[in-house]
Amino acid sequence: MQSLNYLTLDKDVRQVRSADVQALAASVSGGVISPADAAYDEARKIWNAAIDRRPALIARCMNEADVQAALAFARAHRMMVSVRGGGHHIAGNAVGEGALVLDMSGMNGVEVDAAARTARVQPGALLRDFDGAAQAHGLATPLGINSTTGVAGLTLGGGFGWLTRRYGLSVDNLLSATVVTPDGQVRTASAQSEPELFWGIRGGGGNFGVVTAFDFRLHPVGPQVHAGLVVYPFAQATKVLRAWRDFTATAPDELSVWAVLRKAPPLPFLPASSHGQEVVVFALMHCGSLEDGERAAAPVLQFGDVLGSHLGPTPYAGFQTAFDPLLAAGSRNYWKSHNFSHIDDTALDRLVAAAGALPGPECEIFVAQLGGAMGRVGPAETPFVGRDARYIVNLHGRWSDPADDAKVRDWARRAFTELAPHATGNGYVNFLTEDEGARVAASYGKNYARLQQVKRRYDPDNLLRMNINIEPAAVGKGAT
């Protein structure tokens, strides 16, 4: 193996000796992949095909000792580091150009203690791994809505989904975590041990260390839930969206109803004439009894003239995979998002206008209904400051041809700008793209200064900066 070029923390290009690379490979259980290896191109692929980065090395970590060895190597060479769990983040932070990638995908175990209603989850586990293991016991915790999402990245940024209104965010259900900090120490972060680190990882992203295990609280859910889709013609968009907004203002915590504006996929319960045409889709799930769910969701069928619906008893784990075909890996993606405490008529009109100008068949606007239990946690209890958000709007640009890059991104940015006067001003860090570094501080609000202090304590050199980055507080500024 020849010497390899890599990127330093100072953005200089340097070389690492082949002997040093071989020593690293010998100390990492899963080995190391370099650009000369046949597995390299596959190993550097991530969910968002718009991100095409070439790391210097990929270390396949299988335990804490591997993470310690990789971090020690990065420190010794002042090497850029990225951490890969599920590789699903929109900004592509799992892979850094010229960086050392800590690939955690081989650490994907999930251990459920059904009696204690807890689960220990490794950082390479995907939502489908977690859901499958927990649902074997009729248990679950709030996660996302796409089964190929990584548990680690989702949780570190906050984490919301169908159960959030009833049971809070993913971070609200995190009991403790095992963290390898940049100095190589293995720490247990919980309310009793390293409480500031525990506070920081519950929404502060991967800024403070590499989490090698998460311990979650579980709740009885399913295995059958009342869930499905109700679809309306786009001509009734304004009417049905206003009815949905008014209905969700008083909906029970067990019920989540999300609005999706997109071109209709070829769903079997929709007329063939509607396929490929703009529609309004209400996706819903009730996590209580089937009878209560049917009764609570019934008004969604009365918003207008239904184009088609598919509602009824559904396996919870199955519904968690329902949107996988629309979110499969391999497409180019660009998102812009806003938090809303209320969506007024003007904002709804602008959403409808943006949906009427979708730049491609894979693009969509989804509006997640939040509130409930999530909003009953104080904004300073975790870094996730958007507790007042009743809705999150995601302008989801998705396409295949690189020639459409500018068209799709311009659509998302234009709609984002038009909606900005109606939004709260903060955002959801798991939805921030690589060009939104200026929104990081605003997304944490008053919690940002405290996060900078935690960063200074655990990663003063900002080794872990390939993320939604929080720079360490300057020495002498604020509390230590």
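The values are calculated or read from the model by the stated rules, or taken from the named source; none is laboratory data. Computed from a predicted structure; not experimentally measured. For neighbour counting, all protein chains shown are included, and Cβ atoms are generated from backbone atoms with ideal geometry for every residue, glycine included.
Looking only at the stretch 439-474, which residues are among the small types (Gly, Ala, Ser) and under 19 Å from Tyr428 (Cβ atoms)?
Ala441, Ala442, Ser443, Gly445
Return the total of residues in the stretch 1-16 being within 30 Å of the chain's Cα centre (by Cα) and without any contact (Cβ under 8 Å) to a residue 12 or more places away in the chain.
Qualifying residue count, the stretch 1-16: 1.
So that you can scan it fast, the table gives a plain yes or no per residue for (1) touching a helix residue (DSSP H, G or I) at 6+ places or on another chain (Cβ under 9 Å); (2) surrounded by 24 or more Cβ atoms within 10 Å (Cβ to Cβ); (3) among the β-branched types (Val, Ile, Thr); (4) not assigned by TED's automatic domain parsing to the domain that holds Tyr428:
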| position | (1), (2), (3), (4) |
| --- | --- |
| Gly86 | yes, yes, no, yes |
| Ala94 | yes, yes, no, yes |
| Gly109 | yes, no, no, yes |
| Asp113 | no, no, no, yes |
| Ala119 | yes, yes, no, yes |
| Pro123 | yes, yes, no, yes |
| Phe130 | yes, yes, no, yes |
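What strands (runs of 3 or more DSSP E), lying completely within the stretch 161-266, carry at least 2 residues that are touching a Pro at 6+ places or on another chain (Cβ under 9 Å)?
The qualifying strands (runs of 3 or more DSSP E) are 210-217, 224-233, 255-263.
Pull up the stretch 287-318, narrow it to residues that are loosely packed, with under 15 Cβ neighbours inside 10 Å and among the acidic types (Asp, Glu), then point me to the one that is farthest from Gly161 (Cα to Cα).
Out of the qualifying residues, it is Asp305.
Counting only residues that are more than 27 Å from the chain's Cα centre (by Cα), within 21 Å of Ile392 (Cβ to Cβ) and not acidic (Asp, Glu), give me the helices (runs of 4 or more DSSP H) lying completely in the stretch 279-369 with at least 2 of them.
Result: empty, no element qualifies.
Restricting to the stretch 414-464, give me the number of residues that are touching a residue at least 12 places away in the same chain (Cβ under 8 Å), assigned to a helix (DSSP H, G or I) and among the β-branched types (Val, Ile, Thr).
Of the residues in that region, 3 qualify.
Among the residues of the stretch 426-448, is there at least one that is among the charged types (D, E, K, R), in contact with a Pro (Cβ under 6 Å, 6 or more places away or on another chain), closer than 29 Å to Ser170 by Cα and surrounded by 19 or more Cβ atoms within 10 Å (Cβ to Cβ)?
no
For Ala373, all conditions in the list (1) over 19 Å from Leu154 (Cβ atoms); (2) in a helix (DSSP H, G or I); (3) not hydroxyl-bearing (Ser, Thr, Tyr) hold save one; what is the number of the exception?
(1)
Do we find a residue being in contact (Cβ under 8 Å) with a residue 60 or more places away in the chain, assigned to a loop (DSSP other than H, G, I, E, B) and out of contact with any Phe, Trp or Tyr (no Cβ under 9 Å at 6 or more places or on another chain) anywhere in the stretch 120-136?
no
Take the stretch 118-174 and flag every residue that is of a type in the set (Lys, Arg) and under 25 Å from Gly92 (Cβ atoms).
Across the stretch 118-174, the qualifying residue is only Arg128.
Just wondering, is there one or more residues in the stretch 17-40 that are among the basic types (Lys, Arg), more than 23 Å from the chain's Cα centre (by Cα) and in a helix (DSSP H, G or I)?
Checking the stretch 17-40: not a single residue is among the basic types (Lys, Arg), more than 23 Å from the chain's Cα centre (by Cα) and in a helix (DSSP H, G or I).
Quick one: Ile145 ticks every box in (1) aliphatic (A, V, I, L, M); (2) touching a residue at least 60 places away in the same chain (Cβ under 8 Å); (3) touching a Ser or Thr at 6+ places or on another chain (Cβ under 8 Å) except a single one, so which number is it?
(3)
Would you say Asn108 is over 24 Å from Glu434 (Cα atoms) and either part of a loop (DSSP other than H, G, I, E, B) or touching a strand residue (DSSP E or B) at 6+ places or on another chain (Cβ under 6 Å) (or both)?
yes
When only residues in the stretch 400-425 that are closer than 24 Å to Gly205 by Cα and touching a Gly at 6+ places or on another chain (Cβ under 9 Å) count, which is surrounded by the fewest Cβ atoms within 10 Å (Cβ to Cβ)?
Gly425
On the given criteria, is Leu102 touching a helix residue (DSSP H, G or I) at 6+ places or on another chain (Cβ under 8 Å) and in a strand (DSSP E or B)?
Yes: the conditions hold for Leu102.
Select from the stretch 234-266 the residues that are surrounded by fewer than 18 Cβ atoms within 10 Å (Cβ to Cβ) and under 22 Å from Pro359 (Cβ atoms) and write down the one among them that is farthest from the chain's Cα centre (by Cα).
That would be Ala235.
Among the residues that make up the stretch 465-480, is at least one of them farther than 13 Å from Asn207 by Cβ, loosely packed, with under 15 Cβ neighbours inside 10 Å and among the polar types (S, T, N, Q)?
Yes.
Give me the pairs, please: first residue somewhere in the stretch 465-476 and under 26 Å from Val95 (Cα atoms), second residue anywhere and among the hydroxyl-bearing types (Ser, Thr, Tyr) and surrounded by 15 or more Cβ atoms within 10 Å (Cβ to Cβ), beta-carbon distance under 7 Å, and either six or more positions apart or on two chains.
Met466/Ser82
Condition first: outside any loop (DSSP other than H, G, I, E, B) and of a type in the set (Gly, Ala, Ser). Now tell me which residues in the stretch 47-77 satisfy that.
Passing the criteria: Ala59, Ala65, Ala69, Ala70, Ala72, Ala74, Ala76.
Of the conditions (1) in a loop (DSSP other than H, G, I, E, B); (2) closer than 30 Å to His286 by Cα; (3) within 21 Å of the chain's Cα centre (by Cα), Arg398 fails just one. Which one is it?
Among (1) in a loop (DSSP other than H, G, I, E, B); (2) closer than 30 Å to His286 by Cα; (3) within 21 Å of the chain's Cα centre (by Cα), the lone unmet condition for Arg398 is (1).
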